[in-house]
Every structure is written in structure tokens, then in C-alpha cells.
Amino acid sequence: MEEQNLMRLQKYIALSGVASRRKAEEMIQEGRVKVNHQVIQTLGEKINIETDLVEVDETIIHVEQRKVYIMINKPVRFVSTASDQFNRPTVLDLVKNDFNERLYPVGRLDYDTEGLLLLTNDGDLTYKITHPKHVIKKVYVANVKGIPTRTKLDEFRKGLEIDDYITSPADIEVIKIIKGGCELKVTIHEGRNRQVRKMCEKIGHPVTKLKRVAIGDIVLDDLSGGNWRHLTNEEISYLKNI
Ligand code: URA
């Protein structure tokens, strides 16, 4: 995790636009560069780009952080938090070699849920998408035991009492019959803890497999498990305009 924030000093200086990497190396050797007020003259030192203060010729320099927006198809048995108290693999392990930037998952998917998860270093966007006042639909494909009756499907749609709340209107359709049960397409507009599982359980059809396939207009399509891709410009503006 920490590793993601580390960068060679000469690279940092070059990215800030002050000088080329070669020239930055000379500046370091000439004693013109300070990290946290200490002159650094050896090449190859790594700095923490989030917390270290870098000065060249007594002037503080910055690297404008590139904004990154990606989607990943989270496999089961990965946590969607940035770190895990039980040291289980996290979704960030799947992308860490591709980015210098530190990325954060937008919202959560359970350890045993797979599918669409967005990752970004744009804190404003994360805040917006995860804020309860922005009602963004999320679509799941759930395999459940048994086949719900029309009455059960209607109960699900209208709202169910779960824990201490009533779920807001949702959508549910049977897509196909599978061995021992069926595959459902479920659309909800909230994101409470294990909500889809709890809702299906409540109507008597426990989930055996759960996959998120869309967040608003952003769809997972054929991205395979464990893979990621950059969002397109259209997808990014869609999210920013929500
Ligand atoms: N609902 C769940 O039950 N689990 C998830 O991961 C997401 C929604």
C-alpha cells in the first residue's frame, strides 16, 4: 500500500516540470534539493509523494496529481476496502503495479460478491457517488435458491423490513431458471450493508452467488474477473454530472 506513494526524487522533480530527469539528478548532486528541509545529495532516494515536502533552490515544488478513473471486475475473495484487518487480498493488489497514484474504491462490495467496482483518486467524485442523497441505481445479477412467486417479487419491489429499516422501491426480475433455483436481475437505489442478500433472504430465497453488473449507466459488460480498464471520457463526465 505504502509502496504506491513512493517515487524517486529525480522523477518527482521531473514530473513537477522544474527540470528534466537528467538535470534533476545534477541538481540533487549539487545540493540544490531538500526533502523535509534536509539537503539530499544521493541519487535514488525515494520520497513519499503524499507527505514529503520537496524544495528545489529553496522553492517548494508540487506534482499535479493525475486523476485516474478505472473500473475493475472484483473477483470473490477480495476485499474492496483499501486495507484489511485479516490481511486478505484487496482489490488494490490487482492494480497496484499499474499506478503510482493511490486509488480508492468507490463504495463497497462484499468479500463474497463479484463484479463492478470503481476506483479513483478523485475524492470529490467518490464523495458524490457514495453520498446517500445521490440516488444512483445499482444493478446486480443474483443466483438464488428456489424461484420466487409473483407475490414475493412484488413484496421485494415495494419495500421490505430489514434490520431496522424499510428498503426503498426496488426492481426484480427472474432472468432464467438454473439448477436448484434461478438467476435474478435486481436493481436497488441504496447501498446498505449486504442489502441484496438480506432482501433475497427476507423473501425466502437466499443468494448463492452475487455479481454487480452496473452502477447507473456504467456497465461491466465483458470485462473478465480480476481485470480492469480506464473509464471512457463519456463515462467520467456521466459520473461527474450525476
Ligand atoms: N448487496 C449485497 O448484499 N452485497 C454486496 O456486495 C452489494 C450489495
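The values are calculated or read from the model by the stated rules, or taken from the named source; none is laboratory data. What you see is a predicted model; the values in this text were computed from it and never measured. Here the Cβ is made from the backbone with ideal geometry for all residues, glycine too, and neighbour counts use every protein chain on show.
Criterion applied to Lys158, Lys138 was being touching a residue at least 24 places away in the same chain (Cβ under 8 Å) and of a type outside the set (Ser, Thr, Tyr), and the one residue passing it is Lys138. A Cβ distance below 7 Å, combined with a sequence gap of six or more or placement on separate chains, defines the contacts here; from region 179-204, residues that are under 22 Å from Ser80 (Cβ atoms) and polar (S, T, N, Q) reach residues that are more than 8 Å from the ligand (Cβ to nearest atom) and assigned to a strand (DSSP E or B) in the pairs Thr187/Val139; Thr187/Asp171.
State all residues of region 117-175 that are part of a helix (DSSP H, G or I) and touching a strand residue (DSSP E or B) at 6+ places or on another chain (Cβ under 7 Å); if no residue qualifies, say none. Those that are part of a helix (DSSP H, G or I) and touching a strand residue (DSSP E or B) at 6+ places or on another chain (Cβ under 7 Å): Thr126, Ile129, Thr130, Leu153, Phe156, Arg157. What do you reckon, is Gly191 in contact with a Pro (Cβ under 9 Å, 6 or more places away or on another chain) and within 11 Å of the ligand (Cβ to nearest atom)? Yes.
Among residues belonging to region 51-72 that are within 18 Å of Glu30 (Cβ to Cβ) and surrounded by 12 or more Cβ atoms within 10 Å (Cβ to Cβ), point out the one that is modelled with the lowest pLDDT.
Ile61
The number of residues in region 115-136 that are within 16 Å of the ligand (Cβ to nearest atom) and surrounded by fewer than 18 Cβ atoms within 10 Å (Cβ to Cβ) comes to 3. If Glu190 passes every condition in (1) modelled with pLDDT of 95 or more; (2) closer than 15 Å to Val135 by Cβ; (3) not in a strand (DSSP E or B) but one, which one does it miss? For Glu190, the exception is condition (1).
Any chance region 79-96 includes a residue that's at pLDDT 90 or above, surrounded by fewer than 17 Cβ atoms within 10 Å (Cβ to Cβ), under 29 Å from the mean Cα position of the chain (by Cα) and outside the structural domain of Thr126 (by TED's automatic domain parsing)? No: region 79-96 contains no residue that is at pLDDT 90 or above, surrounded by fewer than 17 Cβ atoms within 10 Å (Cβ to Cβ), under 29 Å from the mean Cα position of the chain (by Cα) and outside the structural domain of Thr126 (by TED's automatic domain parsing).
Note on region 85-114: residues that are more than 19 Å from Thr232 (Cβ to Cβ), within 16 Å of the ligand (Cβ to nearest atom) and not in a loop (DSSP other than H, G, I, E, B) total 5.
Determine the pairs where a residue that is more than 16 Å from the ligand (Cβ to nearest atom), located within region 211-227, has a partner that is aromatic (Phe, Trp, Tyr) and outside any loop (DSSP other than H, G, I, E, B) with Cβ atoms under 8 Å apart, the partner being 6 or more residues away or on another chain. Going by the 8 Å Cβ cut-off, the qualifying pairs are Asp217/Tyr238.
Results for (1) in contact with a strand residue (DSSP E or B) (Cβ under 7 Å, 6 or more places away or on another chain); (2) at pLDDT 95 or above; (3) in a helix (DSSP H, G or I), shown as yes or no for each residue.
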| site | (1), (2), (3) |
| --- | --- |
| Gly204 | no, yes, no |
| Thr208 | yes, yes, no |
| Lys211 | yes, yes, no |
| Leu223 | yes, yes, no |
| Gly226 | yes, yes, no |
| Glu234 | no, yes, yes |
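Filtered by the rule that a residue be surrounded by 18 or more Cβ atoms within 10 Å (Cβ to Cβ), more than 11 Å from the ligand (Cβ to nearest atom) and of a type in the set (A, V, I, L, M), region 171-188 gives Ile172, Leu184.
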